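The values are calculated or read from the model by the stated rules, or taken from the named source; none is laboratory data. Everything quoted here is computed from the prediction, not taken from an experiment. In this analysis, Cβ positions are derived from the backbone assuming ideal geometry, glycine residues included, and neighbour counts consider all displayed protein chains. Just so you know, the surface numbers come from the protein's heavy atoms only, side chains and all, with ligands and any DNA or RNA stripped out. Shrake-Rupley method; radii C 1.70, N 1.55, O 1.52, S 1.80 Å.
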Amino acid sequence: MTDFWNRLTIGQKLAITAWLFLAIPLVFYITIRFYPTFEAFYVSTLKWNLLGAKKAIGFKNYIKIFADEDFWLVLWNTIKYALVGVPVSMLIAFVIAYWLNEIHFGHDMIRAMYFIPFLTTAVAMAWVWRWFYQPLPIGYFNIMLSWMGIPQQPFLKSVTQALYAIMAPAVWAGLGFQIVIFIAGIRAIPRSYFEAAEIDGAGRWQILREITLPALKPTMIFLTVVSTIGFLRIFDQVYTMSADSAGGPLNSTKPLVLMIYEFAFDEFKLGRASALTVILFMILLVVSLVQLWLMRKHK
Amino acid sequence: MKKWLKSAFALAIGGTSLLWSGMVQAVEIEYWQYTYASRVEAIDKLIQNFEAANPGVTVKHTHFPYADYRKKVAIAVSAGDGPDVVQLYYGWLNDYREGGLIQPLSSSAFPHATIEKDFFPMVGTMKVDGEYWGLPTAVRSLALFWNKDMFAEAGLSGPPETLDEMVDYARKLTKKDADGNYLSVGFAVDTDGQDHHWWREVLIRLYGGQPYSDDGKTVAYTSDAGAKALKFVTDFEAVHKVGANGFMNRGQDAFAAGKAGMVLDGSFRISKFVKQEGLNFAISELPGHNGNRYNFSSYWVNGISSKAEGEKKAAAEKFLQYLTSDEAMQLWLDTVGELPAKPAVALVDANKTHPLYGPFIRGLSYANATAFVSEKPQRQSLIDAYDMVVLQGADPAAALKKVAKAEQEVFDEFFDN
């Protein structure tokens, strides 16, 4: 053994040492990440309740899912979380980042304040928001509305409002992260561009439209993808906040991940849950591939 | 020859185990339940008594939050790990049995005739395929909690005895501000709490129907009685405007805060309300209708997990025998506030006339337990039907038709297997 080791060149020794260290995360990824992912594909073709015998049923789980009207409602909910949540959160984050970049007094403190929700446990935060949304006499939002003479809103108890009421804290929590990335993006734009534009007599709006926004394109693509995936995987807020059992009322707030959870751990239908996981995986894969494609095009 | 060998073998094993039990061999069995302060306290006391009476057997008590309970039990037992004696909700029996998590109780340690003679008849739901799969220490029923101060303020002298009185009283107890917002509700509707049981086993029967067919395989609440019962529940919020589902988050919270005149709940809630300062409440039997009364009873049972074998199984049986003894039942009532599962222990005068437990115990004599296939989706039926009527303005009969379809699918899928 020592003979073998001594015969190696320094380069080879370095490579072996490096791989030795890399083996740890590699083993972790293979056993904890990749193996279960492939297992999920296999389980999605089974009827299995976690305990009894596994029964191969081909694509029956997928057929059942596509025939289930609840699935389409849940898929639409999931898309709504992303479709509304992503642009709204990005717009707010950009506006805040843009103005925050202009000020110096209190800059760090304000940025930290925006960042704190990002560090807070989603479940704890969701519980606080759940109380905010309660009807009178305890709900903070409804108390404010009644001060302003506006009628009470049902919020979490409404099939139309609940989804957006749950989205709000999710947007708020992600804001700090997006702001920090936007500020970094803005600061990375060379000052000379702005100076040149000013000398040429460009206005603030023109500079924003012609220089800042185009230069921020990679930042925006990155944030879009990260937050799209985040919203497509929303769970904690819905599980904690929704009324009339998780995902209610009448499934109007239920996202895919919650449906997977319920199939797997409430009804012990592991096959059906795995099939849904595969579907979610495909959606996320497409989103990521589109990102890669856009990034490459940009280069 | 074979027989001789078998008995010799048994003798040898019995002899050595007897020899060893007094010396070094200590059997340790595991007991699992979910975390609930008074239940944990009660089991700790019971284990202490049991260990004192059975030297050589120790019981390891494990408990964790309710939210994870079913998952952890399922995963642990299927991995050959976990409890020997396990607590489960009676409505989960079929899931557990189908999943192979528990084994039938041996008729030598738990003779059927004795069970049927000693326990309340609703324990019969535990008998499937000719075997008993679990036995309760305690049973639960529902009763009406009412706020004495609010009743006095509204000029009411006692609890409602009928459904009509209940609506009338709820009206008198409700307080609203100038804009019509609730300051306090007459009756705290809570479909996520106990109200689905009330609708299923009490209201439908009071209106002359039944929730499921006699063989328990078909949904039967799409009847006129079912719709009337649903209308009765939803009318509190939609028509009479004397309550709102989930007002102050949960019915029990509204009542504890003194913001609800009446709420329906089980005896396990007594300990919460008793501790609430400034809450002056009383308990009465559920209101009847046309001279009839019904109640819903449910219970947690203790079963022996499929993992327990040999001497562990013997120890588990012994422990389960103790958990279902008269002594354990009285201790459970005094510590947890749940009702003894045997009439001989429950229906003694001291319990029957108890101001807090009395109404629950009296309710047991006319109570039904639902033979759930899977409680969670079945509970969802009322939650969704209620929302369809109250939030979407659907007709009660049409809403029931919709949820019945989903619930029937759960039945069909289960009984087809």
Cα radius of gyration and Dmax for the stretch B:277-359 (Å) | 17.4, 55
C-alpha long axis of helix B:66-78 to longest principal axis of chain B, angle in ° | 30
Treating the beta-carbon of each Lys and Arg as +1 and of each Asp and Glu as -1, no other charges, what is the dipole magnitude of the stretch A:61-298 about its Cα centre, to the nearest 20 debye?
-> 280
Enter the per residue convex hull volume of the stretch A:61-298, computed from alpha-carbon coordinates, in Å³ rounded to the nearest integer.
-> 156
Rounded to the nearest 10, the angle in degrees between the Cα long axis of helix B:163-173 and the longest principal axis of the Cα atoms of chain B comes to 70
Looking only at B:Val219, B:Val202, B:Val128, which one moves most when chain B is put into a Gaussian network model with springs between Cα atoms under 10 Å?
-> B:Val128
What is the dipole size for the protein assembly as shown, taken about its Cα centre, with +1 at each Lys and Arg Cβ and -1 at each Asp and Glu Cβ, in debye to the nearest 20?
-> 1840
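Total Å² of accessible surface buried at the B-A contact, 1.4 Å probe, nearest 100?
Summing both sides, the interface buries roughly 2500 Å².
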Semi-axes of the stretch A:2-43's equivalent ellipsoid from the Cα gyration tensor, sqrt of 5 times each eigenvalue, largest first, rounded to whole Å?
-> 34, 9, 7
What part of the accessible area of the protein assembly as shown, given as a whole %, is carbon or sulfur when the probe is 1.4 angstrom?
-> 62
May I ask you to list the chymotrypsin sites (Phe, Trp or Tyr not before Pro) in the stretch A:76-134 that are in a DSSP loop and have at most 14 other Cβ atoms within 10 Å of their Cβ?
-> A:Phe105
Just name one of B:Gly278, B:Val336, A:Ile186: the one whose Cα is farthest towards the positive end of the charge dipole of the protein assembly as shown (beta-carbon charges, Lys/Arg +1, Asp/Glu -1).
-> A:Ile186
Pair A:Arg296, A:Ala196: separation of 7 Å Cα→Cβ label points (nm) = 3.0
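Once whole DSSP H runs in chain A are found, which of them have Cα atoms spread over 24 Å or more along the helix axis and a mean Kyte-Doolittle score of at least 0.5?
Membrane-span-like by this criterion, though nothing is claimed about a membrane: A:10-28, A:69-102, A:162-188, A:270-298.
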Farthest towards the positive end of the dipole of chain A, among A:Ile65, A:Ile96, A:Leu136 and with Cβ unit charges of +1 on Lys and Arg and -1 on Asp and Glu, lies the Cα of A:Ile65
What is the spin-label model distance, in nm, from B:Ala109 to B:Asp44 if the labels are put 7 Å beyond Cα along the C-beta direction?
-> 2.6
Compare A:Val95, A:Val27, A:Val128 in a GNM of chain A, Cα atoms joined below 10 Å, and give the one with the largest fluctuation.
-> A:Val27
Expressed as an acute angle from 0 to 90° and rounded to the nearest 10, what is the orientation of the C-alpha long axis of helix B:310-323 relative to the principal long axis of chain B?
-> 40
Rounded to a whole number, the mean other protein chain Cβ count within 10 angstrom for residues of B:171-179 is 1
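What's the FRET efficiency of B:Asp68 with B:Asp334 using the Cβ-Cβ distance as r and R₀ = 30 Å, to the nearest 0.05?
Between B:Asp68 and B:Asp334 the formula returns 0.55.
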Quick shape check on the stretch A:223-299: root eigenvalues a ≥ b ≥ c of the Cα gyration tensor, a/c under 1.5 is rounded, otherwise prolate if a/b tops b/c, else oblate, and it reads oblate
Might you report the magnitude of the Cβ-based charge dipole of the stretch A:1-134 about its Cα centre, with Lys and Arg at +1 and Asp and Glu at -1, to the nearest 20 debye?
-> 520
Any idea which of A:Leu26, A:Thr253, A:Met148 is furthest toward the positive side of the dipole for chain A, if Lys and Arg beta-carbons carry +1 and Asp and Glu beta-carbons -1?
-> A:Leu26
Stretch A:Trp72-A:Lys54 to full length: gain in nm at 0.36 nm per residue minus the Cα-Cα span?
-> 3.8 nm
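Please give the average number of partner chain Cβ atoms lying within 10 Å of the Cβ of each residue in A:244-250, rounded to a whole number.
Rounded to a whole number, the mean comes out at 6.
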Probe 1.4 Å, protein heavy atoms only - accessible area per residue of the stretch B:296-417 in square angstrom | 38
To the nearest 0.05, how large is the calculated FRET efficiency for B:Lys176 and A:Glu102 if R₀ is 51 Å and r is the Cβ-Cβ distance?
-> 0.55
Based on the Cβ-Cβ distance of B:Lys275 and A:Leu8, what FRET efficiency does E = 1/(1 + (r/R0)^6) give at R0 = 60 Å, to the nearest 0.05?
-> 0.25
Here the residues of the stretch A:204-247 lying in the modelled label zone of A:Gln153, meaning backbone nitrogen under 18 Å from a point 7 Å along Cα-to-Cβ, are A:238, A:241-243
Which of B:Gln252, B:Gln378, B:Gln276 moves the most in a Gaussian network model of chain B with Cα springs under 10 Å?
-> B:Gln276
Which residues does a label at B:Phe415 reach in the stretch B:371-403, if reach means a backbone N under 15 Å from a point 7 Å past the Cα toward the Cβ?
-> B:371-374
Given C-alpha coordinates of the protein assembly as shown, what is the ratio Rg to Rh with the Kirkwood estimate of Rh?
-> 1.04
